[in-house]
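The values are calculated or read from the model by the stated rules, or taken from the named source; none is laboratory data. Every value quoted in this text rests on a predicted model; they were computed, and no experiment measured them. Cβ: placed from backbone, ideal geometry, glycine included. Neighbour counts: every protein chain shown.
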Amino acid sequence: MNVRGRIVEVGEEREVETSYGSRSLAELSVVRTDDTDGDGDGDAAGDTDGDADPIRVTLWGKWTQSAELAEPGMDVLVTDVEESEYRGETTYGTSKESYVVLEPGFLVDVTNIRSWVQCPRMYYLNKLSGIPLNYPVVKGTIVHEVFGDLLRGRELDESIDERVREAGLQLGLLGYEADEVRDEVRRNAAAIEGWLAQGTLTEEDGWRSEYTLISPTFGVKGRADALRRGMPVELKTGKNTNREPRFQDKIQAAAYALMLDERGVPANTGTLLYTKNTALERNEETGDLSPAKEFSIGKGLLDFVVRTRNQIAAMEFDMSVPTGFEADAKCEYCFEKDTCMVVSGRLDQESKAGQIGKPLPEAEREYFDRLYRAIEEERRETHAEYRKLWEQTAEERADDDRALIDLEPYPEPDDRREIEGGRWELRARKPDDAVSKLREGDVALASDGDPVSGHAELVRIERLDDEVVVTADEPVTLRRLDVYPSELSVDRMLTAVHDALLKGDPDRKDVLFGRRDPEFSNRSEETYIDNNDAQDEAVKLAVDADDFALVHGPPGTGKTYTIAQIIRALVADGNRVLLSAFTNRAVDNALEALREQGFPTDEIVRVGTENGVREDMLDVRLERSGDPNDRAAALRDASVVAATTATCGSRVVREQAFDVALVDEASQLTEPGTLAAVNLAETFVLVGDHEQLPPVVRAENDLQTSLFERLVTDHPEASVMLDRQYRMSQRIQAFSSAEFYDGELRPATGEVAAQRLSQLPGVDENALPSELRDPVSFVDPDGRRVGNTNPTEAGRIAELVDAYEAAGVAPDDIGVIAPFRAQVAEISRRTDVTVDTVDRFQGSSKEVVIVSFVASGSLDGPIFEDHRRINVALTRAKKALTLVGDADALASDPFYRRILDWARR
DNA sequence: GCTCTGCTCAGAGGA
């Protein structure tokens, strides 16, 4: 039996005499959160605030080490407890089989356990700074890929050629030639091949490569290089002159064994494959020619893995920083010693290696701590997403759009096909009505129906319509496809903050931290845009900025056009420019405008995945694979590099340097997200509108305010607001202008102000029902909110769409906006025009927009509290805007009351 | 109570 719950009290470790001799123990008081009453309804869950009686759990032996790390408030799981009666009370204790897991909901990566074993500071430093582009790592990756290819039966030379080619860009940036890399990889691969050839591949040896594992019990996730007869095999391209495998390597393999145990397939042996070892070991007295080192994995080693994992989880629980004293690693031989000392010196952290240099100013350290915490909170939320893989039923996940279930694989053998490189293509039929967040190009978790304890593979989605097609390293029966969460964006935020503070230019930091004001020099006498003063001013400000310039662009004010003008002016001045934005769509829109203005295509490079980059920009997309020198030159020689901010944080782009970084959608970016782009340039230009949607973050924390908003507020003198809008009629823009832009947003021309539906070809305004005659109208369908839908309202909206169409408006010119996805679905069922959430509508517009408010009775809910979202909804329409909702509900709130008054005027 | 885009995923190593 297992015990799971929330710790309320932690006892001191003490020695007691038992029948086995003297043993140490520590007691925990735990309020159980697992289902203890056996009725299966789980009603004890979450009931941790003290009305349930705590139970006593005794941790014996080395588990007392984990007890020392335990704190009230932590979750704990103790497996295979022994139950006993003591003075009428049932108590629990660890048995020989037990594991004690602190904060099992916190998912620790196997590689993190590995680096913690080397040194806890190493774990911290890796997390903070990421691993920069360096040759040993790139080469190691290639050797691993070749290893996987060999296991899948691929021909060696073909594999090496392709894998080296794929790494072309990285190798080129590092200054390596393809030939020398191929030779080196071949030497490493020879060791692998020789070992594989020792009679093992001919028999049924049960090999498989790249095995993804997630452990709900132990709070560990990771990916094993390979399994052989169900036992973990890890490949290491480094040197190891000892007879024994390195301890941290053993721990890595043992961590995979632990997760295999949980799945009921015990692995008592681990293998480490050191590819540089053949020549070295040939001379040793053992006569062992093999690069493989086997070792046995017993319960003691597995316990050690779990205790190490607990150390990490406990440290992350209170977000403290490891000092290095947690382990007995020796600093004098450490590669990271200098980095370690600099980081601890700058951030004023205690560390075993000591400190070098002066601490950062207090304001910077506070900023670091604040964002570090916020980012780590975000990481927790990502972990919660992983947990849903097993905590939610398949149906719940499907309802949440996080999984496609009940896929029907084609009858064997048509459900799978071996493709190039020994990989697999898998196919299944998708139930008609199934929808999800998954998109073509995504990485997802494919499974036989159970993604955690069943057979699951990480796959790439190739096609997603009535048929599902995915590619995978190994075949699986394709019955279910789950969203696979990623910590990537969290990791990149952390490195962006690290780079900004620890590697950033002191001059830049002086402005960012308000120690001096942003400076401008009078470089430009030119007029860039002659029919719009604010746009022209924006270009001037950007060109003149020595630190940064801010362009505030309300809806329809020609932001994209201005961005293209700014980039052209900057490049004309001899600058190398990084163009970035939160979404791929915004990056491509800006590039499109740039190209339309005649900017030479051969000076542009678009960095991004094939699926992310829009089709019409693929011709300038940077192909990563190819000849190293050629690939590196393609990137280095471009005067404009365009990429999302997430890609700016990637290893390759992080190596680049620019004169200016221009970031669009800056108001939708977290501060670290913006820093990822801004870090790479001397000066920066941020374009955005903080009166529209803020950054999307999972946790409520300091990431919700964008750098754009902070700087606009602190330095209005460094900003220009584009005040002429080219989208909406006067009547439509009036509310937004008054409420959000101090009345300063105006139509650019009389034509814009006076535009009417009747100007559209074939439209007869008189054919509209009277309630829709005004450019802004309000309709109360007298509906009721049901969950996040309002079916009556949805029905009425379909009728309104029909009315517009009957008056001659083309379906393509009509858009419907609703606050909830559920209502979007409800309306979509009844009409063929575009229906979407506010969030997805940001950035686009339609001639006619109908907004569904859904709410009835009251306006409770976060979606209505953020008025910026409403601003977006109300500013998508050019000629006609119809609001549909419950008048009484809207009138109950002053802000919505004003909307009502405006619409019914 | 809600909105939801990014990114190959995670891991690849030095002495």
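Just a few scattered comments:
A quick yes/no check of all residues on (1) surrounded by fewer than 20 Cβ atoms within 10 Å (Cβ to Cβ); (2) among the basic types (Lys, Arg); (3) at positive phi:
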| position | (1), (2), (3) |
| --- | --- |
| A:ARG397 | no, yes, no |
| A:GLU408 | yes, no, no |
| A:LEU426 | no, no, no |
| A:ALA434 | yes, no, no |
| A:LYS437 | yes, yes, no |
| A:ALA446 | no, no, no |
| A:GLY449 | yes, no, yes |
| A:SER453 | yes, no, no |
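- Restricting the search to helices (runs of 4 or more DSSP H) fully inside the stretch A:612-655 and requiring at least 3 residues that are in the same structural domain as A:ALA676 (by the TED database), on the phi < 0 side of the Ramachandran plot and within 15 Å of DNA strand B (Cβ to nearest atom) gives A:645-648, A:651-654.
- Top-ranked residue of the stretch A:56-89 - restricted to ones that are more than 38 Å from the chain's Cα centre (by Cα) and not in a strand (DSSP E or B), ranked as nearest to A:GLU27 (Cα to Cα): A:GLY61
- Of all residues in the stretch A:213-260, those satisfying the criterion of being among the hydroxyl-bearing types (Ser, Thr, Tyr) and within 28 Å of the chain's Cα centre (by Cα) are A:SER215, A:THR217, A:TYR256.
- Here A:TYR256, A:TYR211 are screened, and the one residue that is modelled with pLDDT of 85 or more, within 11 Å of DNA strand B (Cβ to nearest atom), crowded, with 23+ Cβ neighbours inside 10 Å and not in a loop (DSSP other than H, G, I, E, B) is A:TYR256.
- Only one entry in A:GLU89, A:GLU83 is more than 16 Å from DNA strand B (Cβ to nearest atom) and without any contact (Cβ under 8 Å) to a residue 60 or more places away in the chain, namely A:GLU89.
- A count restricted to the stretch A:222-235 and to residues that are crowded, with 21+ Cβ neighbours inside 10 Å and over 20 Å from A:GLU193 (Cα atoms) stands at 1.
A quick yes/no check of all residues on (1) farther than 30 Å from A:PHE513 by Cα; (2) within 16 Å of DNA strand B (Cβ to nearest atom); (3) part of a loop (DSSP other than H, G, I, E, B):
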site	(1), (2), (3)
A:MET315	no, no, no
A:ARG365	no, no, no
A:ARG379	no, yes, no
A:ARG387	yes, yes, no
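- Subset of the stretch A:65-87 that is crowded, with 22+ Cβ neighbours inside 10 Å and among the β-branched types (Val, Ile, Thr) - its residue that is nearest to A:GLY11 (Cα to Cα): A:VAL76
- Test result for A:LEU494, in contact (Cβ under 8 Å) with a residue 12 or more places away in the chain, out of contact with any helix residue (DSSP H, G or I) (no Cβ under 9 Å at 6 or more places or on another chain) and surrounded by 18 or more Cβ atoms within 10 Å (Cβ to Cβ): no
- Residue check, A:LEU458 surrounded by 14 or more Cβ atoms within 10 Å (Cβ to Cβ), within 13 Å of DNA strand B (Cβ to nearest atom) and touching a residue at least 60 places away in the same chain (Cβ under 8 Å): yes
- Residue within the stretch A:343-353 that is within 14 Å of DNA strand B (Cβ to nearest atom) and either of a type outside the set (A, V, I, L, M, F, W, C) or part of a loop (DSSP other than H, G, I, E, B) (or both) present: yes
- Answer residue from the stretch A:467-506, given it is assigned to a loop (DSSP other than H, G, I, E, B) and farther than 23 Å from A:ASP414 by Cβ and is farthest from DNA strand B (Cβ to nearest atom) among those: A:ASP505
- Given (1) crowded, with 21+ Cβ neighbours inside 10 Å; (2) part of a loop (DSSP other than H, G, I, E, B); (3) of a type in the set (Gly, Ala, Ser), index of the condition A:GLY238 fails: (1)
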